[in-house]
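A quick write-up on the structure given underneath.
Each value in this text was obtained by applying a stated rule to the coordinates, not by laboratory testing. A quick note: this is a predicted structure, and the numbers were derived from the prediction, not measured. Counting neighbours? That spans all protein chains shown, and the Cβs are built from the backbone with ideal geometry, glycine included.
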Amino acid sequence: MSVANKIKGALEKASWIRRMFEEGAELKARLGVEAVYDFTLGNPDLEPPGRFKEELIKAAGDPSPGLHAYMPNAGLLATRQVLASQLSRVYQQDFGPQDLVLTCGAGGALNVILKALLDPGDEVLIFAPYFPEYLFYVDNHGGVARVVETDEVFQIDLERLQEALSLRTRAVIINSPNNPTGQLYDARRLAEMAQVLREQSRRQGRPVYLVTDEPYRHLVYDGMEVPNLFALYPDTLLATSFSKELSIPGERLGLAAVSPQAAFRQELTAGLVLANRILGFVNAPALMQRVVAKLPGVTVDITPYQRRRALLAQILSRAGYDFLLPQGAFYFFPKAPGGDDLAFVARLKAENILSVPGRGFGRAGYFRLAFCVPEAVIERAAVGLARAVSHKP
Ligand SMILES: Cc1ncc(COP(=O)(O)O)c(C=O)c1O
């Protein structure tokens, strides 16, 4: 056997998103790209803002020595200073550069945080539907993921949360705007959750950490506001990235930040910095750190996402799908007509429409459509989407 049993198991379970993507690639090779409507991957297709490219060219042309060298594992001080000021404005907290660690994307930030927090057997609560990589990330660091179902509109169910807590609970991950549901968690429910976690921390005699994964914070519609967890709970850690807000997921730049109100503020950041090193990331990409330091507040224009969301919502409701309008991110998560998500995703595939079954996100009976695709693709998929829902087996 070539690989470890654990990885073999992971390969077998490996994410539905990839599996659908691969099946899609086969379909595209057979029918041609134009004939396939691929809604599987959350890969932002908008170009980064013009300012990003200008600053990238300037940074690449800088003749100063040492710009490509190793650096402190936390990242460049100048970049952390700029980002700390920005976080302070967004979250109304007093972040300093010492509270931030630049990472290889939000995925890197989550791994750094979990590495710093978990002892073997520590439990991490994850709300379903969830970003499937969480299960791998928790396991990477010896943790045990405990899945907590949300209610029928994907909001936190406090009773289920209470039931899932144990003396081994070390952290709770919140992802809002959410992948795959496109929903924001309700502010009042989050405040109630924070109260529950405070009580649990007292019971345990150590903090239960709230890890807020927010790569979609900038992608919200209709003037919605993403609740500020730093204001609700002191022991909060942020994982985020520039992947979606600057449309640069391939550049792998993100950050982890510790709440200035956290009880063990300094020890936590020291742990994150060491984790960044010993996980082999060492530091986040240097060139990108220099570029984003010049772009505080610059983000991709979300108007195209807004238009696609409106278009797809119209097509889905005309066809009779049951869904919640996404409040953020770029995903619809409708109910699978007939109730069987695998059967329905196969039905869509027969129409050359690629989607991901809800069970890949811990909620069978639904399916995910990522709308980071051109409007023309959405328009051309309309007929197939309508035919699939009216199909009688
Ligand atoms: C909820 C969520 N968290 C984290 C990530 C990872 O983002 P990054 O590319 O910044 O590592 C993604 C990527 O799709 C995501 O959807």
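Please name whichever of ALA293, GLY271, ASN352 sits farthest to the positive end of the charge dipole of segment 234-393, dipole taken about the Cα centre and charges placed at Cβ: Lys and Arg +1, Asp and Glu -1. Of the options given, the answer is ASN352. Taking a ≥ b ≥ c as the square roots of the eigenvalues of the Cα gyration tensor, segment 51-292 is classed as prolate, since a/c reaches at least 1.5 and a/b is larger than b/c. Along the chain, counting only chymotrypsin sites (Phe, Trp or Tyr not before Pro) with a DSSP assignment other than H, G, I, E or B and at most 14 other Cβ atoms inside a 10 Å radius, the longest segment between sites is 71-263. The magnitude of the dipole of segment 51-292, with charges of +1 and -1 set on the Cβ of Lys/Arg and Asp/Glu and taken from the Cα centre, is near 740 debye.
What number, rounded to the nearest 500 deg cm²/dmol, is the helix-based mean residue ellipticity at 222 nm of the chain, given -39500 (n - 2.57) per DSSP H run of at least four residues and division by all its residues? Don't jump to the answer; show the numbers that get you there.
Working: 14 runs with 166 residues, N = 393.
When only DSSP H runs of four or more count, the value is -13000 deg cm²/dmol.
Straight-line reach from LYS244: taking Cα to Cα under 28 Å and skipping same-chain neighbours fewer than 8 places apart, the lysines in range are LYS13, LYS28, LYS53, LYS58, LYS115, LYS294, LYS335, LYS349. Taking amide H as placed 1.01 Å from N in the peptide plane, the amide H of VAL356 sits under 5 Å from that of ARG368, each at least 5 places away or on another chain. Bridge orientation summary for the chain: considering DSSP beta bridges with both residues in this region, about 40 percent are antiparallel. Shape index of segment 183-236: Rg/Rh, with Rg the Cα radius of gyration and Rh the Kirkwood radius from the inverse mean 1/r over Cα pairs, equals 1.03.
In segment 1-159, a dipole from Cβ-located charges (positive for Lys and Arg, negative for Asp and Glu) runs towards its positive end, and of LEU27, GLN86, GLY66 it is GLY66 whose Cα lies farthest in that direction.
Working from label points 7 Å from Cα in the Cα-to-Cβ sense, the ASN5 to VAL383 distance is 5.3 nm.
Based on the Kirkwood radius over alpha-carbon pairs, what value in µm²/s does the Stokes-Einstein equation return for the translational diffusion coefficient of segment 64-191 at 25 °C and 0.890 mPa s? If you can, show how the numbers build up before the last one.
On the way: Rh = 16.7 Å.
In µm²/s, the coefficient is 147.
Backbone geometry of segment 57-67 corresponds, through the Karplus equation with coefficients 6.51, -1.76 and 1.60 at θ = phi - 60°, to 3J(HN,Hα) couplings of 5, 4, 5, 5, x, 5, x, 4, x, x, 6 Hz, x marking Gly and Pro.
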